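Nothing in this text is a laboratory measurement; each read-out follows from the coordinates by a stated rule. What you see is a predicted model, and the numbers here were worked out from it, not measured in a lab. Cβ placement follows ideal geometry from the backbone for every residue including glycine, while neighbour counts extend to all protein chains displayed.
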Amino acid sequence: MNTLKSFSFMLMLLALVCSSNLYAQDEDEGLERLPDLELKNLDNKTVNVSSYGENGKITVFNFWATWCIPCKKELNNIADVYEDWQDDYDVEVIAVATDDQRTVAKVKPYVNGKAWDYGVLYDTNQKFQRAIGFQTVPYTIVVDEDGDIMYEHSGYVEGDENELEEIIKELLED
């Protein structure tokens, strides 16, 4: 019985090592591409998410919710530097609201009240969130000019927007 447990443990360990090596290879090649799915924007127009990978720009997707205080802090701090980012890097920021049916009505008034200068998409059914494969907001991904997801970050700490700017700079240098 002990031999069987040892053998099972070794198999699990081997599988873990192999899967972590595959993940490391994926990081070098870009994590994945934007999913081909449709969401609504603030004007209730349908937008295909994959089209942002075809715009020739670096695009930052910031997933947030109206009930999430760190999310709103991050997006407000990005709003403070967004005009400079557009001038310096020709970057596009898209705020993806993950509010569900109970809170989605708060999104547009909040965005209008903040006068954010970037696009907003509704992900009320969390289709985009599931396609990317994360659980909680805030969550940020950066997509290069070819539509490859090159960076992912969970959570927000004051100043993360500076790290995000460094990622954008690095992508432009490549």
Quick one: what are the phi-derived ³J(HN,Hα) couplings along region 63-75, Karplus 6.51/-1.76/1.60 with θ = phi - 60°, whole Hz, x for glycine and proline?
8, 8, 8, 5, 8, 9, 5, x, 4, 5, 4, 4, 5
Straight-distance crosslink candidates among lysines, where the alpha carbon sits under 20 Å from Lys73 and sequence neighbours closer than 8 are dropped
Lys106, Lys108, Lys114
Residue-ordered couplings for region 37-54, obtained by feeding phi - 60° into the Karplus form 6.51 cos²θ - 1.76 cosθ + 1.60 and rounding to whole Hz (Gly and Pro as x), are 8, 10, 10, 9, 9, 4, 8, 6, 8, 7, 10, 8, 4, 5, 5, 5, x, 10
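Based on DSSP, what percent of beta bridges with both residues in region 58-166 are antiparallel, to the nearest 5? Mind showing how you got there, number by number?
Values: 10 of 20 bridges.
Around 50 percent antiparallel, to the nearest 5.
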Take the alpha carbon atoms of region 53-174, find their radius of gyration, then divide it by 2.2 N^0.38 Å using N residues; give the quotient.
1.00
Kirkwood Rh (inverse of mean 1/r, distinct Cα pairs), region 70-122, angstrom:
11.8
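Rank these for me by crowding, Lys40, Lys73, going from fewest to most other beta carbons within 10 Å. Write out the running numbers ahead of the final one.
On the way: Lys40 14, Lys73 17.
Ordered from fewest to most neighbouring Cβ atoms within 10 Å, Lys40, Lys73 come out as Lys40, Lys73.
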